[in-house]
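Just below is one structure, and these are the notes that go with it.
What follows draws every value from the coordinates through simple rules; no lab data is involved. What you see is a predicted model, and the numbers here were worked out from it, not measured in a lab. For neighbour counting, all protein chains shown are included, and Cβ atoms are generated from backbone atoms with ideal geometry for every residue, glycine included.
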Amino acid sequence: MATATHFPTLSAARAGFKDLLDAAEEGRSATVRRENRVAAVVDAGRLRSMLTETRPADAQLVAEADGWSIFLPGLPLAADATTFDGALDEMVLVLREYAQDWDDHLLHAPNHANNWGLVQLIALSDDGQLKAWLVGE
């Protein structure tokens with residue numbers, strides 16, 4: 001039976017890279033120690049699934065006289081369009097721009113630092129997956 005895979009150094013992880021990735025793909029604990037920090041290697045599909053389950057969008061979709069608006073409570077993210085699908089398309093663009101801004105300069109801002117899970121979810125999702133997440137599918 002396979003067990004967790006822990007590498008005490010970066011050099012050891014490089015030598016056992018295949019084992020590290022195999023463990024992550026199987027859902028086993030896979031870590032690498034670098035000096036006094038430990039990094040976890042996780043299968044992207046498993047991480048995305050866990051993030052969508054633990055971080056619902058709670059998107060507010062509002063029909064207005066001349067179209068649709070979408071916003072995410074607690075986040076400075078909103079989109080508008082004349083159609084429902086157009087608003088979803090626009091919100092996906094807004095999410096992608098936010099993730100890019102977060103990587104570029106917002107990750108250390110106190111009011112954005114805890115959004116790393118959202119940024120990971122955006123990075124690990126295609127447009128269709130983000131739309132499904134927005135509407136709660």
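Within region 1-35, the residues that satisfy the criterion of being basic (Lys, Arg) and either part of a loop (DSSP other than H, G, I, E, B) or out of contact with any Pro (no Cβ under 7 Å at 6 or more places or on another chain) (or both) are Arg14, Lys18, Arg28, Arg34. Given the condition over 27 Å from Gly67 (Cβ atoms) and either small (Gly, Ala, Ser) or touching an Asp or Glu at 6+ places or on another chain (Cβ under 8 Å) (or both), answer yes or no: does some residue in region 87-103 qualify? Among the residues of region 87-103, not one is over 27 Å from Gly67 (Cβ atoms) and either small (Gly, Ala, Ser) or touching an Asp or Glu at 6+ places or on another chain (Cβ under 8 Å) (or both), which makes the answer no. Could you please tell me which pairs satisfy a Cβ distance under 6 Å, a separation of 6+ or placement on different chains, a first residue in region 51-65 that is over 22 Å from Gly86 (Cα atoms), and a second residue that is among the aliphatic types (A, V, I, L, M)? Listed pairs, sorted by first residue: Leu51/Leu121. Screening the candidates Leu95, Leu88 for the property of being surrounded by 14 or more Cβ atoms within 10 Å (Cβ to Cβ) and under 30 Å from Leu21 (Cα atoms) yields one hit, Leu95.
Condition check: in a helix (DSSP H, G or I), within 18 Å of Ile122 (Cα to Cα), touching a strand residue (DSSP E or B) at 6+ places or on another chain (Cβ under 8 Å) and among the aliphatic types (A, V, I, L, M). Does Leu88 satisfy that?
yes
Say we look at region 98-124 and pick out the residues that are small (Gly, Ala, Ser) and in contact (Cβ under 8 Å) with a residue 12 or more places away in the chain; which of these is surrounded by the fewest Cβ atoms within 10 Å (Cβ to Cβ)? Across region 98-124, the extreme among qualifying residues is Gly117.
Residues that are touching a strand residue (DSSP E or B) at 6+ places or on another chain (Cβ under 7 Å) and assigned to a strand (DSSP E or B) were ranked within region 36-53; the one that is nearest to Asp127 (Cα to Cα) is Ala40. Restricted to region 49-80, and to residues that are surrounded by 14 or more Cβ atoms within 10 Å (Cβ to Cβ) and of a type in the set (S, T, N, Q), which residue is farthest from Leu118 (Cα to Cα)? Among those that are surrounded by 14 or more Cβ atoms within 10 Å (Cβ to Cβ) and of a type in the set (S, T, N, Q), it is Ser69. With respect to being within 13 Å of the chain's Cα centre (by Cα) and at negative phi, Thr52 fits the description.
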